[in-house]
Amino acid sequence: MQKSRDSRFLKRILTDAEIELVKDAKNSDEALWSLWACKESAYKVIKKILPDTAFIPKRWQVVFNKTQSECSEGKVVITGNDGIFIRLFSNHDYIHCVGADKLAELDKIISGVEILPEKENNPSFFSRLCLAKRLAKHFLLDIHQIKIKRIKEKGELQPPRAYIDGRKTDTDVSLSHDGRFVAYAFNDTR
């Protein structure tokens, strides 16, 4: 809260145009964290394509081209890349963003946001459970057939992957959590 008033922070992570957008917004904190969520989503996408990409949010410009009540669409423009297409969901409770390297892929993304139960103290576990449940429902499988794993390659922890009956799938998945919310996303490969 109130981070939108920290000009040093804004200059470190936003472009000049984005700083103006935050200053002019009705809810400047929501605008700030919406831009951040877009940049973070774009980074997750680009990191899977180009693993050596550095996250330098100040150099990444968020451009919205379509906004409806709780959903906005646009692109995160990244120097040296065509950019990443994004779909942002925001309301008074949370901000959730999904991204893809191709516009048509946005319509294939299935995502959800869940509230972390009060007695659950492991948001990573709960987000994997929510994703596994949704994948099981989507693919008409038993939840016990699905595992969400992160493996190390060359000493670095890789993005999460979905496994069905012990076999790695081509289903691209993403997980996140913050505060009392967890989120998941995956591409519909059918």
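The values are calculated or read from the model by the stated rules, or taken from the named source; none is laboratory data. This structure is a prediction, so every number in the text was calculated from the model and none was measured. Counting neighbours? That spans all protein chains shown, and the Cβs are built from the backbone with ideal geometry, glycine included. Note: areas computed on protein heavy atoms with side chains; ligands, DNA, RNA excluded. Shrake-Rupley method; radii C 1.70, N 1.55, O 1.52, S 1.80 Å.
A few remarks follow.
- Flag for residue 62 being in contact with a helix residue (DSSP H, G or I) (Cβ under 9 Å, 6 or more places away or on another chain), open to solvent by less than 70 Å² (accessible area, probe 1.4 Å) and in contact (Cβ under 8 Å) with a residue 12 or more places away in the chain: yes
- Taking (1) in a helix (DSSP H, G or I); (2) touching a residue at least 12 places away in the same chain (Cβ under 8 Å); (3) loosely packed, with under 15 Cβ neighbours inside 10 Å; (4) of a type outside the set (Ser, Thr, Tyr) in turn, residue 93 satisfies each apart from (1).
- Residues in the range 1-35 that are under 16 Å from residue 91 (Cα atoms), open to solvent by 60 Å² or more (accessible area, probe 1.4 Å) and of a type outside the set (D, E, K, R): 1, 27, 33.
- Summed over the range 96-154, residues that are part of a strand (DSSP E or B) and either open to solvent by less than 70 Å² (accessible area, probe 1.4 Å) or charged (D, E, K, R) (or both) total 17.
- Evaluation of residue 36 against (1) over 19 Å from residue 179 (Cβ atoms); (2) free of Cβ contacts under 8 Å to residues at least 24 places away in the same chain; (3) touching a helix residue (DSSP H, G or I) at 6+ places or on another chain (Cβ under 9 Å) (one fails), failing number: (1)
- Tally, over the range 36-54, of residues that are over 19 Å from residue 4 (Cβ atoms) and surrounded by 14 or more Cβ atoms within 10 Å (Cβ to Cβ): 9
- Matching residues, the range 155-190, being over 22 Å from residue 41 (Cβ atoms), loosely packed, with under 12 Cβ neighbours inside 10 Å and either in contact with a Pro (Cβ under 6 Å, 6 or more places away or on another chain) or of a type outside the set (Asp, Glu) (or both): 155, 166, 167, 190
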